[in-house]
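K.L.:
One structure coming up, written as structure tokens, with questions to follow.
The values are calculated or read from the model by the stated rules, or taken from the named source; none is laboratory data. None of the values given here were measured: they were computed from a predicted structure. All Cβ positions, glycine included, derive from the backbone under ideal geometry; neighbour counts span all protein chains shown.
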Amino acid sequence: MASDKIYDRIHEQSPWQEITEGNKIFEAATSKDFCTGEWRTATPEWVADRCKQCLLCTPVCPDSSIPVTAGKRTDFDYDHCKGCGICAKVCPFGAISMREGK
Amino acid sequence: MAVRERLSGNEAVAYAIKQVNPDVMPAFPITPSTEIPQYVANYIANGEIDTEFIHVESEHSAMSATIGASAAGARAITATSSCGMALMWEELYVAASNRLPIVLALVNRALSGPININADHSDSMGARDSGWIQIYAESNQEVYDNFIQAFPIAEDKRVHLPVMVCQDGFITSHGVENILLVEDDKVKRFVGAYEPEHYLLNETERMALGPYAVSNYYMETKRAQREAMINAREVILETASRFEEMTGRKYGFFEEYQMEDAEYAVVIIGSAAGTCKAAIEEIRATTGKKVGLIKIRVFRPFPEEEIAKALSKVKAVAILDRSEMFAATSGPLGAEVRAAMYQAHSTAEVVNYFYGLGGRDITVSDFKSVYDNLETIARTHVVTGMYEYIGLRSTQSEEV
Amino acid sequence: MEKTTYNFKEVMSKSERLAPGHRMCAGCGGTITVRAVLRALEEGDRAVIGNATGCLEVSSFMYPYTAYEDSYIHNAFENAGATLSGVETAYHVLKKKGKIKENFKFITFGGDGGTYDIGFQSLSGAMERGHDMVYVCYDNGAYMNTGTQRSSATPQYADTTTTPAGSVSAGKVQVRKDLAAIMAEHHIPYVGQSTFTSNFKDLYTKAQKAIYTPGAAFLNVMSPCPRGWGYEPSEMMNICKLAVETCYWPMFEVIEGKWILNYEPKNKLPIEEFLKPQRRFKHLFQKENEQLIGKFQEEINRRWEELKNRCSL
């Protein structure tokens with residue numbers, strides 16, 4: 001069965017016959033398969049019991065890495081969070097702390 | 001029954017557009033192709049077609065919008081000339097590498113500067129590396145026929161490349177000739193409904209187009225594009241044969257005129273072939289000399305082996321270029337035909353002429369002197385005027 | 001069509017239309033803009049997203065990784081307007097012919113280089129023709145993708161790689177082009193200028209109006225670039241706040257020709273507050289350049305009065 005991951009189907013060693021016509025991609029959001037979490041030099045930590053679920057942290061994330069379901073945020077998507085720290089600065093309740101490293 | 005009409009080349013293209021009834025046509029006026037969008041705008045204004053016209057503010061935007069429309073899933077066309085196509089340059093490459101089956105009606109005109117509105121092939125020859133299929137015409141009939149054939153070629157799954165249908169500015173675009181039109185329903189059936197598989201507005205999938213591709217992908221992408229151009233060869237011939245079944249008119253990569261026994265051949269593109277044919281008839285009738293002509297119809301993909309084969313028995317060949325490429329040697333057709341002959345180990349003598357730049361006339365007597373020169377060269381094996389001009393004023397007797 | 005209520009939690013619960021995994025820098029304002037604008041799409045509506053060449057394009061669709069949940073087209077640097085106008089026209093034809101049933105919306109993004117400068121003609125043409133589309137400029141005030149070269153959106157005195165501050169140079173000589181006003185002069189139904197506010201209500205409602213007002217719409221969104229502007233990435237929201245509170249970046253909209261000022265600071269802050277945290281204005285705080293800050297302030301004041309006049313205030 002073909003892999004779910006785009007990089008198992010098209011990658012930097014693919015022969016020319018397997019490159020999609022005109023470099024078109026026929027599915028959505030394949031970037032999810034690329035891990036940008038590796039880039040982090042600082043990491044946000046969600047302190048759930050301080051969080052009032054005000055959600056002010058969610059729209060400021062450039063990396064769509066604060067998932068919200070039914071009006072509530074959950075933990076960070078560490079596969080993709082780049083650790084910019086904007087969320088920690090906007091949190092009115094000190095519910096996000098930044099620590100050094102991945 | 002085919003309809004006999006008297007139409008200019010521009011009218012013939014516009015009429016074909018009306019019969020095909022494409023979805024979207026963005027276009028910008030430029031002499032001598034302006035009439036094409038004008039006629040189309042009139043068809044639209046009178047409810048004769050349901051094509052949407054986009055009144056773009058430049059040719060760059062014309063090709064950009066055509067690309068957008070084609071990617072979205074529409075059958076999209078445009079028309080232009082000369083500097084208009086030069087302004088599209090970047091987008092020509094994008095259209096081809098995105099593998100979009102766009103059809104462009106190109107009315108060939110000299111590029112600036114100086115500004116000049118008359119025919120030569122500097123516009124399309126400059127775009128010869130852009131990845132477009134290029135089909136040229138001698139007459140209005142051929143323009144019309146080529147334009148109709150362009151759609152099934154471009155849209156074939158083995159190809160998916162844009163097609164440039166070229167005709168000579170004013171000479172065919174504005175010259176009125178008798179022409180046989182194919183009935184509407186036959187054209188519609190020949191071209192078929194446009195049913196792309198992948199497109200932006202496809203309700204059952206999401207498509208992303210136009211990525212940044214790093215060097216690990218770029219070369220493979222170009223190789224895949226080359227494959228489409230290779231495939232285009234058979235598709236062009238298949239389409240021509242279907243067209244012949246429908247109309248009785250025969251097309252190939254090029255036309256061989258009086259080539260069966262020819263010893264001296266001219267290779268040319270476009271409307272000047274008609275003048276050359278008149279010269280051939282006169283020479284053969286008055287002197288019996290075996291002169292012939294190869295008139296290139298398909299320049300991209302380039303029919304290298306076929307041309308070499310067609311020239312395999314001649315003693316001398318004159319390749320006539322209607323554009324400069326400033327290599328300080330040959331013109332584009334000269335270079336490619338010569339390369340084809342070299343590959344086939346031809347021993348024929350070859351000269352390359354420049355003619356008709358910026359609309360300069362070429363006459364029957366010009367062709368007669370070309371054939372005279374070929375005869376001399378074949379006899380003496382001394383090639384004079386390797387890169388010669390036709391109709392050029394000069395203080396020196398011979399160009400180098 | 002204007003929604004009077006803005007339920008932040010409901011809005012934030014809408015499904016995400018820009019996926020993570022794109023390669024924009026940490027702390028980039030560009031993707032915050034994209035997320036915010038696309039959030040204004042109604043859940044059932046399909047969209048085709050356009051994009052001019054720029055940081056966003058090379059980062060959000062690196063083959064084979066697209067960050068978009070919707071169909072997407074990038075063509076070139078200077079033609080996002082024309083390209084999307086072709087897509088939008090195709091939609092009308094195919095819809096008319098019954099080949100498409102779903103509703104599609106058309107939104108294209110360009111940086112200020114691709115919008116104010118090289119793509120200006122294509123944008124103007126698309127707006128003038130009245131295509132039912134939104135052109136969103138994520139304005140970060142320079143050619144960031146190629147390494148912070150000056151654009152016509154770059155503020156005066158900014159130190160960029162092509163207008164470097166030096167011993168005889170105080171950065172960019174000219175003032176910013178007012179693109180939102182120029183777009184308003186196209187007499188299109190909707191023009192909005194915005195940036196990020198804490199609950200994103202301003203940008204969300206403007207995006208909603210831009211997307212759902214029939215006809216051409218233009219949004220100009222200040223989208224700070226930590227790398228090009230020279231500030232700590234985590235300071236994004238503070239920078240935006242200072243831009244608005246100093247009246248450097250006024251929040252306004254033009255609806256059917258009517259100019260509306262959306263926010264007027266109670267205490268307009270001096271422009272130094274906005275300039276100071278940014279490396280690109282560092283040279284203005286050297287003794288010999290101090291009068292330039294005054295000139296900057298005069299320009300801000302002049303434009304603010306001009307805007308208030310347009311808004312009949």
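K.L.:
Looking at A:CYS61, A:CYS81 in this structure, which one is buried (at least 19 other Cβ atoms within 10 Å of the Cβ), part of a loop (DSSP other than H, G, I, E, B), free of Cβ contacts under 8 Å to residues at least 40 places away in the same chain and not basic (Lys, Arg)?
P.N.:
A:CYS61
Residue by residue, here is whether (1) assigned to a helix (DSSP H, G or I); (2) within 19 Å of C:LYS201 (Cβ to Cβ); (3) in contact with a Phe, Trp or Tyr (Cβ under 9 Å, 6 or more places away or on another chain) holds:
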{"position": "C:VAL11", "(1), (2), (3)": "yes, yes, yes"}
{"position": "C:SER15", "(1), (2), (3)": "no, no, no"}
{"position": "C:MET24", "(1), (2), (3)": "no, no, no"}
{"position": "C:GLY50", "(1), (2), (3)": "no, no, yes"}
{"position": "C:ILE73", "(1), (2), (3)": "no, no, no"}
{"position": "C:ALA82", "(1), (2), (3)": "yes, no, no"}
{"position": "C:GLY86", "(1), (2), (3)": "yes, no, no"}
{"position": "C:TYR91", "(1), (2), (3)": "yes, no, yes"}
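K.L.:
So which residues in region C:233-259 are assigned to a loop (DSSP other than H, G, I, E, B), free of Cβ contacts under 8 Å to residues at least 60 places away in the same chain and either within 14 Å of another protein chain (Cβ to nearest Cβ) or among the hydroxyl-bearing types (Ser, Thr, Tyr) (or both)?
P.N.:
Answer for region C:233-259, where residues must be assigned to a loop (DSSP other than H, G, I, E, B), free of Cβ contacts under 8 Å to residues at least 60 places away in the same chain and either within 14 Å of another protein chain (Cβ to nearest Cβ) or among the hydroxyl-bearing types (Ser, Thr, Tyr) (or both): just C:THR246.
K.L.:
Within region B:224-241, is even one residue part of a loop (DSSP other than H, G, I, E, B), within 20 Å of the chain's Cα centre (by Cα) and away from chain C (no Cβ under 14 Å)?
P.N.:
no
K.L.:
Would you mention how many residues in region C:33-51 are under 13 Å from C:LEU203 (Cβ atoms), facing another protein chain (nearest Cβ under 10 Å) and crowded, with 24+ Cβ neighbours inside 10 Å?
P.N.:
Summing the residues that are under 13 Å from C:LEU203 (Cβ atoms), facing another protein chain (nearest Cβ under 10 Å) and crowded, with 24+ Cβ neighbours inside 10 Å in region C:33-51 gives 3.
K.L.:
Tell me which residues, restricted to region A:10-32, are at the interface with chain C (Cβ under 8 Å from one of its Cβ atoms) and touching a strand residue (DSSP E or B) at 6+ places or on another chain (Cβ under 7 Å).
P.N.:
A:ILE25, A:ALA28, A:ALA29, A:THR30, A:SER31
K.L.:
Shifting gears a bit: Looking at (1) surrounded by fewer than 13 Cβ atoms within 10 Å (Cβ to Cβ); (2) closer than 28 Å to B:ALA71 by Cβ; (3) facing another protein chain (nearest Cβ under 8 Å), which is the only condition A:ALA70 fails?
P.N.:
With (1) surrounded by fewer than 13 Cβ atoms within 10 Å (Cβ to Cβ); (2) closer than 28 Å to B:ALA71 by Cβ; (3) facing another protein chain (nearest Cβ under 8 Å) applied to A:ALA70, the lone miss is (2).
K.L.:
Let me ask something additional. Which of (1) surrounded by 22 or more Cβ atoms within 10 Å (Cβ to Cβ); (2) at pLDDT below 95 does C:LEU203 not meet, given it meets every other one?
P.N.:
Among (1) surrounded by 22 or more Cβ atoms within 10 Å (Cβ to Cβ); (2) at pLDDT below 95, the lone unmet condition for C:LEU203 is (2).
K.L.:
Something else: Of (1) under 22 Å from the mean Cα position of the chain (by Cα); (2) surrounded by 24 or more Cβ atoms within 10 Å (Cβ to Cβ); (3) closer than 23 Å to B:TYR194 by Cβ, B:TYR39 satisfies all except one. Which?
P.N.:
With respect to (1) under 22 Å from the mean Cα position of the chain (by Cα); (2) surrounded by 24 or more Cβ atoms within 10 Å (Cβ to Cβ); (3) closer than 23 Å to B:TYR194 by Cβ, B:TYR39 is out only on (2).
K.L.:
Continuing with this model, one more query. Of the residues in region A:1-28, how many are loosely packed, with under 11 Cβ neighbours inside 10 Å and under 15 Å from B:LYS222 (Cβ atoms)? I'd like the intermediate steps shown before the answer.
P.N.:
So in region A:1-28, the residues loosely packed, with under 11 Cβ neighbours inside 10 Å come out as A:1-4, A:8, A:13, A:15, A:17.
Cutting the leftovers down to under 15 Å from B:LYS222 (Cβ atoms) gives us A:15, A:17.
The number of residues fulfilling the criteria is 2.
K.L.:
Among the residues of region C:281-313, how many are touching a strand residue (DSSP E or B) at 6+ places or on another chain (Cβ under 8 Å) and among the small types (Gly, Ala, Ser)?
P.N.:
Matching residues across region C:281-313 total 1.
K.L.:
Still on this structure: Please determine whether any residue of region B:19-27 is out of contact with any His (no Cβ under 9 Å at 6 or more places or on another chain), of a type outside the set (A, V, I, L, M, F, W, C) and surrounded by fewer than 24 Cβ atoms within 10 Å (Cβ to Cβ).
P.N.:
Yes, there is a match, as at least one residue in region B:19-27 is out of contact with any His (no Cβ under 9 Å at 6 or more places or on another chain), of a type outside the set (A, V, I, L, M, F, W, C) and surrounded by fewer than 24 Cβ atoms within 10 Å (Cβ to Cβ).
K.L.:
The conditions are (1) of a type in the set (D, E, K, R); (2) touching a Cys at 6+ places or on another chain (Cβ under 9 Å); (3) assigned to a loop (DSSP other than H, G, I, E, B), and B:LYS313 fails exactly one of them. Which is it?
P.N.:
Just one mismatch for B:LYS313, condition (2).
K.L.:
Okay, next question. Between a residue in region A:24-40 that is in contact (Cβ under 8 Å) with a residue 60 or more places away in the chain and any residue that is in a loop (DSSP other than H, G, I, E, B) and small (Gly, Ala, Ser), which pairs come within a Cβ distance under 6 Å, given they are 6 or more apart or on different chains?
P.N.:
Final answer for the pair search is A:ARG40/A:GLY83.
Residues are listed down the side, and each one gets a yes or a no for (1) more than 12 Å from chain C (Cβ to nearest Cβ); (2) acidic (Asp, Glu); (3) assigned to a helix (DSSP H, G or I):
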position	(1), (2), (3)
B:PRO29	yes, no, no
B:ILE36	yes, no, yes
B:ILE49	no, no, no
B:ALA62	no, no, yes
B:ILE67	no, no, yes
B:SER70	no, no, yes
B:ALA74	no, no, no
B:ILE77	no, no, no
B:CYS83	yes, no, yes
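K.L.:
Sticking with this one: With the condition kept exactly as written, say whether any residue in region B:249-261 is surrounded by 15 or more Cβ atoms within 10 Å (Cβ to Cβ), part of a helix (DSSP H, G or I) and over 18 Å from the mean Cα position of the chain (by Cα).
P.N.:
No, there is no match, as no residue in region B:249-261 is surrounded by 15 or more Cβ atoms within 10 Å (Cβ to Cβ), part of a helix (DSSP H, G or I) and over 18 Å from the mean Cα position of the chain (by Cα).
K.L.:
Can you find a residue that is assigned to a loop (DSSP other than H, G, I, E, B), more than 8 Å from every other protein chain (Cβ to nearest Cβ) and in contact with a Phe, Trp or Tyr (Cβ under 7 Å, 6 or more places away or on another chain) anywhere in region C:58-71? Break it down stepwise before answering.
P.N.:
The initial filter retains those residues of region C:58-71 that are assigned to a loop (DSSP other than H, G, I, E, B), namely C:63-64, C:67, C:69-70.
With the extra rule that they be more than 8 Å from every other protein chain (Cβ to nearest Cβ), the set shrinks to none.
No: region C:58-71 contains no residue that is assigned to a loop (DSSP other than H, G, I, E, B), more than 8 Å from every other protein chain (Cβ to nearest Cβ) and in contact with a Phe, Trp or Tyr (Cβ under 7 Å, 6 or more places away or on another chain).
K.L.:
Just wondering, is there one or more residues in region B:66-89 that are of a type in the set (D, E, K, R), closer than 24 Å to B:SER323 by Cβ and out of contact with any helix residue (DSSP H, G or I) (no Cβ under 6 Å at 6 or more places or on another chain)? Talk me through it step by step, then tell me what you get.
P.N.:
Step one: list which residues in region B:66-89 are of a type in the set (D, E, K, R), which gives B:75.
Filter again for closer than 24 Å to B:SER323 by Cβ, leaving none.
Scanning region B:66-89, I find no residue that is of a type in the set (D, E, K, R), closer than 24 Å to B:SER323 by Cβ and out of contact with any helix residue (DSSP H, G or I) (no Cβ under 6 Å at 6 or more places or on another chain), so the answer is no.
K.L.:
Still on this structure, please answer the following. Within region B:149-197, restricting attention to residues that are within 18 Å of the chain's Cα centre (by Cα) and of a type in the set (S, T, N, Q), which residue is farthest from the other protein chains (Cβ to nearest Cβ)?
P.N.:
The extreme case among them is B:THR172.
K.L.:
Quick one: which of B:PRO114, B:PRO101 is at negative phi, more than 15 Å from the chain's Cα centre (by Cα), in a loop (DSSP other than H, G, I, E, B) and crowded, with 22+ Cβ neighbours inside 10 Å?
P.N.:
Numbers: B:PRO114 fails: crowded, with 22+ Cβ neighbours inside 10 Å.
B:PRO101 is the lone residue from the list that is at negative phi, more than 15 Å from the chain's Cα centre (by Cα), in a loop (DSSP other than H, G, I, E, B) and crowded, with 22+ Cβ neighbours inside 10 Å.
K.L.:
Quick check: is even one residue across region C:22-31 surrounded by 24 or more Cβ atoms within 10 Å (Cβ to Cβ), under 15 Å from C:GLN208 (Cβ atoms) and within 7 Å of chain A (Cβ to nearest Cβ)?
P.N.:
no
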